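Derivation of every value follows stated rules applied to the coordinates shown; laboratory data play no part. Note that the structure is predicted; figures quoted are calculated from it, not measured. Note that each Cβ is placed from the backbone with ideal geometry, even for glycine, and that neighbours are counted across all protein chains shown.
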Amino acid sequence: MNKGKLYIISAPSGAGKTSLIKKLIPHMDNLVVSVSHTTRPQRPGETDGIDYFFTSVDSFKEMITQADFLEYAQVFDNYYGTTQSSVEHSLNNGKDVILEIDWQGAAQIRRLRKDTISIFILPPSTEALRQRLQGRGQDSEDIIARRMRDAVNEIEHYGEYDYLIINDDFNTALTELKSIILSGRLGIEQQLIQQKALLAELLA
C-alpha cells in the first residue's frame, strides 16, 4: 500500500480555502482533511469532531506539554493545532491528508517533514477579500478590519509555498487544486508501488 502524501493549504481568511477543500473532498478518493483542535468558541452549524475538536485553553496547553501536536499556533487570540497521531494514522492507511493551517503551522511542519506539499490560495484582489468577509455575515466591522490587517501578514508568506492558486473563478481554482493532488499521486515513487504488478508484466 502506498503511504499517503501530506498537503498543507493556507490562505488569508476569506480567500475561499475552506469552500474549495469542502468541494474537493467528495470528488477524490483517499483524501481527507485533518481535524484540528482549537480553543475558539464553537460557531452555529459547526460539529465537534467534524469541523474542529473544541477544547479549553488549559487542555490545549496540556497537549502542548505532552508533545501531542505536529504543529500548533495562536491565531486571533485562540489556539489551533494538529495532532501527530491522527495525521500518521491516515497517512499509514494510504490516505492523502490536507492540513488547513496558517503560515506559522506550515513553517513548523516543513521543518519536520521535507516531503510535505504546500499550497497557498490568494483572493483576486483586496476588495474581493473584503467583500467575501462582509458577505459571511458572521463578524463585526471591527473584526473584519482586523482580519484585513492580518491578511497582509499571511499573504507575505506566499513565497514559502510550492504552489500558488488565485481564487478568482471558483471552478478554475478547484480544478487547479485537484490537479496538484493528482500530480502528487502520479509521481514515480507512488507509481512504482501502485503499478508494481503491471510494470513487472510489461518487463517480463
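What to note about this one:
- Three semi-axes of the equivalent ellipsoid, the range 144-204, Cα gyration tensor, whole Å, largest first: 40, 13, 7
- Difference of contour (0.36 nm per residue) and Cα-Cα distance, D29 to S179: 52.6 nm
- 3J(HN,Hα) from dihedral phi, the range 27-33, Karplus parametrisation 6.51/-1.76/1.60, rounded to Hz, x for glycine, proline: 9, 9, 6, 6, 10, 10, 9
- Long-range HN-HN contacts of K5 with modeled amide H, under 5 Å: D96, V97
- Normalising the average separation of contacting C-alpha pairs (under 8 angstrom, six or more residues apart) by the number of residues puts the relative contact order of the range 101-185 at 39 percent.
- Förster radius 25 Å - calculated FRET efficiency between R111 and D77 (Cβ-Cβ, nearest 0.05): 0.50
- Kirkwood-Stokes translational diffusion coefficient of the range 93-204, alpha-carbon pairs, 4 °C, 1.567 mPa s, µm²/s: 76 µm²/s
- Percent of alpha-carbon pairs separated by more than 11 Å within the range 1-41: 75 percent
- Distance in nm between pseudo-label sites at V57 and L164 (7 Å out along the Cβ direction from Cα): 3.7 nm
- Interchain or long-range residues, amide H under 5 Å from A11's placed H: I121
- The C-alpha atoms of the chain define a longest principal axis, and helix 141-155 lies at about 40 degrees to it.
- The range 1-119: relative contact order in percent, alpha carbon pairs under 8 Å with at least 6 residues between: 44 percent
- The chain - charge dipole about Cα centre, Lys and Arg +1 at Cβ, Asp and Glu -1, debye rounded to 20: 320 debye
- Pairs of Cα atoms farther than 22 Å apart, the range 1-104, %: 30 percent
- In Å, descending, principal axis extents of the Cα set of the chain: 68, 42, 31
- Nonlocal amide H pairs with Y52, under 5 Å, H built at 1.01 Å: T47
- Between helix 103-112 and the chain: long-axis angle, C-alpha atoms, 0 to 90°, nearest 10: 30 degrees
- A simple packing score, the average count of other Cβ atoms within 10 Å per residue, orders the peptides 12-24, 152-164 as 12-24, 152-164, with the highest score first.
- Whole-percent pair-distance distribution, where bins are 5 Å wide, for the alpha carbons of the range 63-147: 3, 11, 18, 19, 17, 12, 12, 8, 1
- For the pair R40 and S85, a Förster radius of 30 Å applied to the C-beta separation gives a FRET efficiency near 0.85, rounded to the nearest 0.05.
- Over the chain, relative contact order from alpha-carbon pairs under 8 Å, at least 6 apart, %: 31 percent
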